[in-house]
Every structure is written in structure tokens, then in C-alpha cells.
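Notes to accompany the following structure.
Read-outs throughout are calculated quantities, based only on the coordinates presented, and are distinct from any laboratory measurement. Keep in mind that what you see is a predicted model, and the values were worked out from it rather than measured. Neighbour counts run over all protein chains shown; Cβ positions are idealised from the backbone, glycine included.
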Amino acid sequence: MVKTKFGSHRKQSVIFFTVLGIILLALTIALNVGWIVFHWRQVALLVFGVIFFLLIMAGLTLNTIFLVREIRRNEQHDSFINAVTHELKTPIASIRLYLETLQTREVDEARRKEFYQIMLEDSDRLLHTVEQVLRAGRTGDRQRQIHPAVIDLGALARECVELARKRTHLDETALHYVERRNGRKALVKGDAEELRAAISNLIDNAIKYSNQAINVTVEVAEIDDRQLALRVTDQGIGIPRIHLKHVFKRFYRIPRRIHLKVKGSGLGLFIVRSVVNKHGGKVFAESAGEGLGSTFTIQLPRVSE
Ligand code: ADP
């Protein structure tokens, strides 16, 4: 309720400032055109008039763009806080409920074990949210120090796939790993923990944004002698073209996907991009469109054995 009130208030502000900007622009054009018509003989004044006119127009346009951007950023900030609060509150409420039940009622052994399992999963979810927020804070700092070591990207990707399989109870047909290289090991230089977080975020998203039939491929391939690629491909809900670049921004979640009920904070891909940039690589998303799956590719510089 609060969220929608905020949302509509913000929308009204965007409309108000956009209309205000347009009216001001129209007034400026009318004033200046009138002025030029009446004083067309005074050439020097005309030149100054045109220059000032262009400057005012540019200023007004910049001002309007800035305002709309600021409002959008605040909007994303609000929805991030709502999402994170929800992600923190739900597992805590669930754990509390199970603890209360265990405290006040006689529960048989099997049910007790089931409750413990649910509480463990809830605390994992809680921990994941907190770690994600902390990591976004850390990786967002470009001056941070990393601890580089030579890492086998293939082994690291395989490890992430196995971890995700265990966590989500998926089998090899739903989540599989392929490696395409010509003999040489797929080595990169970097911080294993950061790279693991980046790869895991891509795999988690691929699973999260798949429909019922999950089919995710994680692939490590060599582009050439100097570059390696790690691709995560899914057959899920896809990404409309206009959002492909924006999804890496902090707090960015594709709008009008609320009906999907997929939980998230808009931090995952921001973390991926920050980690990849720090490692001298690049990351990009590809998708044929809504409902047609997506591929996320990380490119990293290769090092020799
Ligand atoms: P979130 O916590 O919302 O998942 P991310 O930064 O990981 O945040 O992703 C940003 C947005 O990009 C998501 O809200 C989602 O709409 C879109 N997205 C990310 N990965 C995929 C994917 N594999 N398929 C479709 N959409 C995706």
C-alpha cells in the first residue's frame, strides 16, 4: 500500500516536471521567436539572442533530464529497501513461527526434523540476503584491494555448478556444465571468492528466471589465446532488448515483472559487473526477447600456466 502510494506520487512528480520543462521550453521559444521577428534588423542583438536562446534551451533540457533521472533513482532506491526489508522479514517471521510451535506444542520426531530443515533453509536465505548487500557495498568500491591468484576458471565454474545443484536439488539435465578448450588450461588471474560470487549470481538468476522446465548451461570456452569466456545460458523468461544494458545497474529490476513473484534486490548483476571490471574483463547480456531465454557472458583475460 505504502509502496503504491509512493509510486504514484513519484509518477505524478515525473509528469509534473516533464510538463513544466515542456511549458518552459515552449515559452522560451515563443518569446525568442517574437523577439527575433520584432528586432530582425539588429543583427548583433539577433546573434546574441540566438546564442542565449540556445543556452537557455540546453539548460532547461539538462535540468529536466536531471530531475527525471533523480526521481527514477529514488524510485529504485525505494523498491530496493522494500525488497530487502521483505527478504529479511519473511525468513525471520517463519523461523519465529516454527520456534514458537516447537516451544508450545508436542511435536513428533519426523515433524521436528522437518521444522529444523525449514528453519535452516530460512536462515540460509537470510544469510544470502545479508551477504549480497554487504558484497554489493564492498565490490562497489573501486579502490578496494583484491587478493589475486592464478585460478582455473573451468574448475571454479564446475564448483559453482555443483554448489547450485546441491542447493536447488537440480540434476545434470536441468543444470549442466561444458568446457570448450584446446588442451591449454583455462587460467585467469583473480580473487577466487569474488569470481565465485559473480558466477554463482549468474547461475542463481538463470534458475530463478526460468519457467518450470529449467534448462541451464554453464560453459567455459576460449575466445582466443588471450581471452576466455564463461557463458550462462537459460531458456527462461528472457530480457527485452531495451533492458539488456540496464540490468547491470545497481538496484535495477525490470519493471512490470511483479506478477512473476521472483524475489530479488537488484544487486546480483551489479556485483557481477563490479567483480568483472575489477578483473579487467567485461560482461554482457544477450536475449532474443521476452520468453526466449538469455545468455550472460563474462570475458576475462587469460594467463599462461
Ligand atoms: P535481482 O535480485 O532482481 O535478481 P539482478 O541484479 O540479479 O537482481 O538482476 C536484475 C534484473 O535483471 C532482474 O530483476 C531480472 O528482471 C533481470 N534478469 C537477470 N537475470 C536474468 C535472466 N537470466 N533471465 C531473465 N531476466 C534476468
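Computed extension length for His86-Arg257: 59.9 nm, one decimal, from 0.36 nm per residue of separation with the Cα-Cα distance subtracted. Helices in the chain, meaning DSSP H runs of at least 4 residues, each add -39500 (n - 2.57). Divided by all residues, the mean residue ellipticity at 222 nm is -20500 deg cm²/dmol. For the peptides 217-225, 143-151, the ranking by packing is 217-225, 143-151, with the highest mean count of neighbouring Cβ atoms within 10 Å listed first. The order of the peptides 112-119, 273-280 by mean Cβ neighbours within 10 Å, most packed first, is 273-280, 112-119.
Among 12-23, 289-300, the peptide with the highest mean count of other Cβ atoms within 10 Å heads the list, and the full ranking is 289-300, 12-23. Taking a ≥ b ≥ c as the square roots of the eigenvalues of the alpha carbon gyration tensor, the range 1-148 is oblate, as a/c is not under 1.5 and a/b does not beat b/c. Taking a straight Cα-Cα cut-off under 18 Å and skipping sequence neighbours fewer than 8 places away in the same chain, the aspartates and glutamates within cross-link reach of Lys185 are Asp152, Glu159, Glu219, Glu222, Asp224, Asp225, Glu305. Would you give the gap between the C-alpha center of the range 54-132 and the C-alpha center of the range 11-39, rounded to a whole Å? The range 54-132 and the range 11-39 have Cα centres spaced 43 Å from each other.
Between rounded, prolate and oblate, where does the chain land on the alpha carbon gyration tensor, with a ≥ b ≥ c its root eigenvalues, rounded for a/c under 1.5, else prolate if a/b exceeds b/c? It comes out oblate by the Cα gyration axes.
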